[in-house]
Amino acid sequence: MTCCCKCPLPAIIYQKYSGMHLCRAHFEDDIHRKAREILRQSGLFAHGLRLALLMDGGEGSAVMASIIKSLFGCRRDIDLIALIVDDRGPGLRAARVACQQLGLFSSIELLPAPPGMERREGIFCPIPPALSRE
């Protein structure tokens, strides 16, 4: 098994662009460092603000919320609030659990049906043409 380029632990990933094998801890450090640099360059976090994090129950929103919480959670001039999108699907429960684990205040927002669609048993379905004219 290949070892991490920064320590003797086993590597979990190989980064082609850098040519490095990284263990879990060094991979997470690398992601946090890159996210922190991109957010600093944006200038959004230079002053106090209230930031709403959109949570849909997917892994991507949970990971990004975790990174932002770890980077800016200790700053008293930044309020982090999670907006949970309720699409009446299984993501609602996962988003709630993620918010609780991260210690984020959350608000649940019902996702409206897009134009020409209606909600049936939690799924967006096209409105039949005969009904859409009425």
Have a look at S66, S70 and point out the one that is part of a helix (DSSP H, G or I), in contact with a His (Cβ under 9 Å, 6 or more places away or on another chain) and surrounded by 13 or more Cβ atoms within 10 Å (Cβ to Cβ).
-> S70
Pair list, Cβ under 7 Å, 6 or more apart: segment 51-68 residue closer than 11 Å to L102 by Cβ and hydroxyl-bearing (S, T, Y), other residue assigned to a helix (DSSP H, G or I) and open to solvent by 20 Å² or more (accessible area, probe 1.4 Å) | S66/L102
Go through (1) over 29 Å from F105 (Cβ atoms); (2) surrounded by 12 or more Cβ atoms within 10 Å (Cβ to Cβ) one by one and return the number of the condition S18 breaks.
-> (2)
Hey, I81 surrounded by fewer than 14 Cβ atoms within 10 Å (Cβ to Cβ) and part of a strand (DSSP E or B) or not | yes
Which numbered condition trips up V97, out of (1) under 11 Å from the mean Cα position of the chain (by Cα); (2) open to solvent by less than 60 Å² (accessible area, probe 1.4 Å); (3) β-branched (V, I, T)?
-> (1)
For segment 38-45, does any single residue satisfy the condition of being open to solvent by 70 Å² or more (accessible area, probe 1.4 Å) and over 19 Å from the mean Cα position of the chain (by Cα)?
-> yes
Given (1) at pLDDT below 85; (2) touching a strand residue (DSSP E or B) at 6+ places or on another chain (Cβ under 8 Å); (3) open to solvent by 40 Å² or more (accessible area, probe 1.4 Å); (4) in a helix (DSSP H, G or I), F27 misses just (1)
Considering segment 46-63, residues that are in a helix (DSSP H, G or I) and small (G, A, S), and then whichever is most open to solvent (accessible area, probe 1.4 Å), we arrive at G60
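The values are calculated or read from the model by the stated rules, or taken from the named source; none is laboratory data. A quick note: this is a predicted structure, and the numbers were derived from the prediction, not measured. Ideal geometry is used to build each Cβ from the backbone, glycine not excepted, and the neighbour counts take in all protein chains shown. Remember, those area values only see protein heavy atoms, side chains included, never the ligands or the DNA or RNA. Shrake-Rupley method; radii C 1.70, N 1.55, O 1.52, S 1.80 Å.
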